[in-house]
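J.: Just passing along the structure, written as structure tokens.
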Amino acid sequence: MATQTTKNKVTKLTKNAKILKVIVSAIQEKKGENILSLDLRNIDEAVADFFIICEASSTTQVKAIGDFIEEKVKEELNEAAFRSEGRSSLNWVLVDFVNVVVHIMLPEARQRYRLEELWCDAPEQVFKN
């Protein structure tokens, strides 16, 4: 039985790694900025395994990045987002792939909510714009 558990963990990690890679690539392609991921797997209160946070310079870009992420993950991995939120105001759009949650924010929203500080115990990885 231990083998099965280990195999499931490896499969889940591999799936998460693939989703992370596609999401970061999509953000970079749409010129998102200040991209980072937070590894929340060792935080008991976390609602996902990973957060990806990025900024967009306008509400139009927030929408474009969110739409493109959903499109690319579906196209490349055949995975649909569980849900997305924030499309009415476009100051902060959240795209939820269950284990990986993406936050696309205007700089003002990112500064106001400071997700990195809220989850400061999580290891972070910074990506090039």
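J.: Among the candidates Lys72, Lys63, Lys31, Lys21, which residue alone is of a type in the set (Lys, Arg), farther than 23 Å from Leu118 by Cα and in contact (Cβ under 8 Å) with a residue 60 or more places away in the chain?
T.: Going through Lys72, Lys63, Lys31, Lys21 in turn, the sole match is Lys31.
J.: Check whether at least one residue in the range 54-76 is β-branched (Val, Ile, Thr) and touching a Ser or Thr at 6+ places or on another chain (Cβ under 7 Å), and report yes or no.
T.: no
J.: Of Val93, Val73, which residue is within 15 Å of Lys21 (Cα to Cα) and either in a helix (DSSP H, G or I) or among the β-branched types (Val, Ile, Thr) (or both)?
T.: After ruling out the rest, the residue left standing is Val73.
J.: Residue by residue through the range 79-115, note down the ones that are of a type outside the set (Ser, Thr, Tyr), without any contact (Cβ under 8 Å) to a residue 12 or more places away in the chain and surrounded by fewer than 17 Cβ atoms within 10 Å (Cβ to Cβ).
T.: Scanning the range 79-115 gives Ala80, Glu85, Gln111, Arg112, Arg114.
J.: Condition check: buried (at least 20 other Cβ atoms within 10 Å of the Cβ), among the hydroxyl-bearing types (Ser, Thr, Tyr) and touching a strand residue (DSSP E or B) at 6+ places or on another chain (Cβ under 9 Å). Does Ser57 satisfy that?
T.: So Ser57 fails the test.
Every number in this text was worked out from the coordinates using simple rules, so none of it is lab data. Quantities reported herein were computed from a predicted structural model and do not represent experimental measurements. Every residue, glycine among them, receives a Cβ derived from its backbone with ideal geometry; neighbour counts consider all protein chains shown.
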